[in-house]
Amino acid sequence: MPSERVAVVGAGVGGLVAASLLASRGVSVIVVERRAELGGKMRRVGIAGRQVDCGPTVFTMRPVFEEIFTNAGSRLADHLTLRPAEILARHAWNEEERLDLFADIDRSADAIGRFAGSQEAKGYVEFCARARQIYQLLEEPFIQSARPSLHGLINAFGLRRLGDLWQISPFVSLWNALSDYFRDPRLRQLFGRYATYCGSSPFSAPATLMLVAHVEREGVWLVDGGMYRLAQALAALATKAGAVLRHQSEASAIIVERGRACGVALKSGERIDADAVICNADTAALSSGQLGKAVAAAAPSSPSASRSLSAITWAMVAPVGGFPLVRHNVFFSGDYADEFDCIRRGKLPSEPTVYVCAQDRGDVADGRFVNMTAPAEPLLCLVNAPPTGGANSLETLEIDQCEERAFALLRRCGLRIQRQNTTTVTTTPHDFERMFPATGGALYGPASHGWMASFRRPGSRSRIPGLYLAGGSTHPGPGVPMAAISGRLAAEAVAEDFSSMRRLVPADISGGMLMR
Ligand SMILES: Cc1cc2nc3c(=O)[nH]c(=O)nc-3n(C[C@H](O)[C@H](O)[C@H](O)COP(=O)(O)OP(=O)(O)OC[C@H]3O[C@@H](n4cnc5c(N)ncnc54)[C@H](O)[C@@H]3O)c2cc1C
């Protein structure tokens, strides 16, 4: 008997997770991906014989993936070697001012005490407690919930716990909230940076985003071989479950007939019929009409002013000396407010904060582990940038100046990268716009600015029956684990709707899918 058919547009994390979960339960799944490689933003480039990660590098929320792999009939550990990071990240402001943040809260408190005094260490412990409280309050009723709404959240908390809702600090900015815990501006900068994990400015994002700090403290995992291995593992999981993954197959439209999504038209002219379609492209691609007029209103459109951050990245394989890099390193600019003000005005920061991932490196807590033997190693350097990748692209001169300032900051912090004779692959907001159409290069969907922003993200069910949404521009938000959760929620919504349709019209739909 034929099973129900699902077409997935896009092989990012959300698309691959949805495909794996549905295929493993007998649904016939085809994933169409416009690019040659799978994984979406989780991508890599080949430089000097090495594969360098160019997308996400920080792997968190491991249990989310363990559950997905188990539910799709496999084990995460069979696909990836993951090691817990003792040092979450090494931070520097110059050659003297350096601070490591550890997975262990007491070690971090000690390090902060030595760096900025005992009052700041006490503030850190209080901050961690608050971040944990916010995460725990939101995990079930919001992050894991398929239909998030303010009303739903209030219901979930119940009248007796409405005070708890206030505790998630939705009305105060992250930056302002941080001054309750830290007097030292460097620490406000360090913990404010967590807003950028959602593509947002700490000056505009609600303090609720403190929960990102908790997620990271719960565990950062070092993926042996780099993060792209996760994309490969998800693709293998989907294929093993029976999904068909088609590269270089761009969807030109999602087909709607009799008010219901029923397939995908490819640029090549081919038509793929389906009982349901999951769109893993950014929802901006829907609202801009790039996937056809019939689905332009499928998700709320957000103005380009509310786009999240873009980035400029420089990927390279180069000899490194001086600064003892660990896997994750952050080099801070002198003026964080100015940095986000420039970005708000569509400009590159006059002095950008620079994140450097040294993907070959592990870490040990005393910092002695420095990879001095390798002559050259893969590096990804990243700065935040405005999402102006469409019409108002940044000028080459501005990008060159930003690069100069970013690498000057690294040198001031003691990091020497020998870039001579080394190929550097630069990716700009314009390049991101080309790879992820209609986004302007915004990497995280709409920004999480203001207390209502998170409720405005569309959930798994679109406004068009049969069309479902998954990915970082949808609920519960951006980041690899969140996009994975969105894929799981989309798969669950599809399964639920298939099963109620089967109950309504048992004679018409006789496929033997059993989702739960
Ligand atoms: C530089 C960078 C650094 C990041 N760092 C981190 C990090 O350290 N940790 C973390 O957790 N997250 C990080 N993120 C965010 C994270 O990568 C994303 O939130 C997540 O990967 C998004 O997954 P997604 O499901 O939205 O799919 P996407 O990655 O957005 O993929 C969507 C896919 O759809 C395809 N597509 C679009 N339109 C069509 C069409 N018409 N036809 C066919 N295919 C189409 C695209 O080609 C793409 O492959 C980072 C992102 C970037 C870019």
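The values are calculated or read from the model by the stated rules, or taken from the named source; none is laboratory data. Predicted, not measured: the structure shown is a model, and the values here were computed from it. Note: ideal-geometry Cβ built from the backbone for every residue, glycine included; neighbour counts use all protein chains shown. Note: accessible area is taken over every heavy atom of the protein model, side chains too, but ligands, DNA and RNA are not part of it. Shrake-Rupley method; radii C 1.70, N 1.55, O 1.52, S 1.80 Å.
For the stretch 1-143, report the translational diffusion coefficient in µm²/s to the nearest whole number, using Stokes-Einstein at 10 °C, 1.306 mPa s, and a Kirkwood Rh over Cα pairs.
The estimated diffusion coefficient comes to 83 µm²/s.
Find the centroid of the Cα atoms in the stretch 100-116 and in the stretch 76-92, then give the distance between the two in whole Å.
18
Please list, or write none, the lysines whose alpha carbon is within less than 29 Å of the alpha carbon of LYS347, excluding same-chain residues fewer than 8 places away.
The reachable lysines, counting only those whose Cα sits under 29 Å from LYS347, are LYS41.
In Å², and per residue, what accessible area does the chain have when probed at 1.4 Å with the other protein chains present?
Accessible surface, normalised per residue, equals 41 Å².
I want the antiparallel fraction of DSSP beta bridges within the chain, as a percent rounded to 5.
The answer is about 75 percent antiparallel.
What FRET efficiency would be calculated for the residue pair THR70, GLN136, taking the C-beta separation as r and a Förster radius of 25 Å, to the nearest 0.05?
So the FRET efficiency works out to roughly 0.60.
What's log10 of I(q)/I(0) for the chain at q = 0.07, 0.13 Å⁻¹, Debye sum over Cα points only, no solvent?
Taking Cα atoms of the chain as identical point scatterers yields -0.37, -1.31.
Quick one: grab the alpha carbon gyration tensor of the stretch 159-290, order the square roots of its eigenvalues as a ≥ b ≥ c, and give me rounded if a/c is under 1.5, else prolate or oblate depending on whether a/b is larger than b/c.
prolate
Once both axes come from the Cα atoms, what is the angle between helix 105-116 and the longest principal axis of the chain, in degrees from 0 to 90, rounded to 10?
40
Can you give the angle from 0 to 90° between the axis of helix 480-504 and the longest principal axis of the chain, with both taken from C-alpha atoms, to the nearest 10?
Between helix and principal axis, roughly 10 degrees.
Counting only protein heavy atoms and a 1.4 Å probe, tell me what percentage of the chain's accessible area is made up of carbon and sulfur.
Looking at the chain in its full context, I get 50 percent from C and S.
Could you work out how much longer the chain between SER268 and ALA296 gets when fully extended? Use 0.36 nm per residue separation minus the Cα distance between them, nm to one decimal.
8.0 nm
How much length is gained on full extension from GLN119 to PHE171, taking 0.36 nm per residue of separation minus their Cα-Cα distance?
16.1 nm
Rounded, prolate or oblate, given the Cα gyration tensor of the stretch 425-492, with a/c below 1.5 counting as rounded?
Note, shape of the stretch 425-492 comes out prolate.
Report, to one decimal in Å, the Kirkwood hydrodynamic radius for the stretch 45-124 based on all distinct Cα pairs.
Evaluated on the stretch 45-124, it is 15.9 Å.
Could you work out the helix-only [θ] at 222 nm for the chain, with each DSSP H run of four or more residues adding -39,500 (n - 2.57) and the total divided by the number of residues, to the nearest 500 deg cm²/dmol?
-10000 deg cm²/dmol
Remind me, relative contact order of the stretch 381-460 in percent, using alpha carbon pairs under 8 angstrom and six or more residues apart?
37
Between LEU504 and ARG83, what is the spin-label point distance in nm, taking each point 7 Å from the Cα along the Cα→C-beta axis?
5.4
Provide the gained length on full extension for the span ASP341 to ASP180, in nm with one decimal, where the gain is 0.36 nm per separating residue minus the Cα-Cα distance.
Taking 0.36 nm per residue and subtracting the Cα distance, the gain is 55.7 nm.
Taking the chain as the reference, fit the longest principal axis to its C-alpha atoms, fit the long axis of helix 62-71 to the helix C-alpha atoms, and give the angle between the two in degrees, 0 to 90, nearest 10.
The angle comes out at about 20 degrees.
If the only charges are +1 at each Lys and Arg Cβ and -1 at each Asp and Glu Cβ, what is the size of the charge dipole of the chain around the Cα centre, to the nearest 20 debye?
In total the dipole reaches around 920 debye.
If you wrap a convex hull around the Cα atoms of the stretch 188-262, how much volume per residue is inside, in Å³?
So the per-residue hull volume is 220 Å³.
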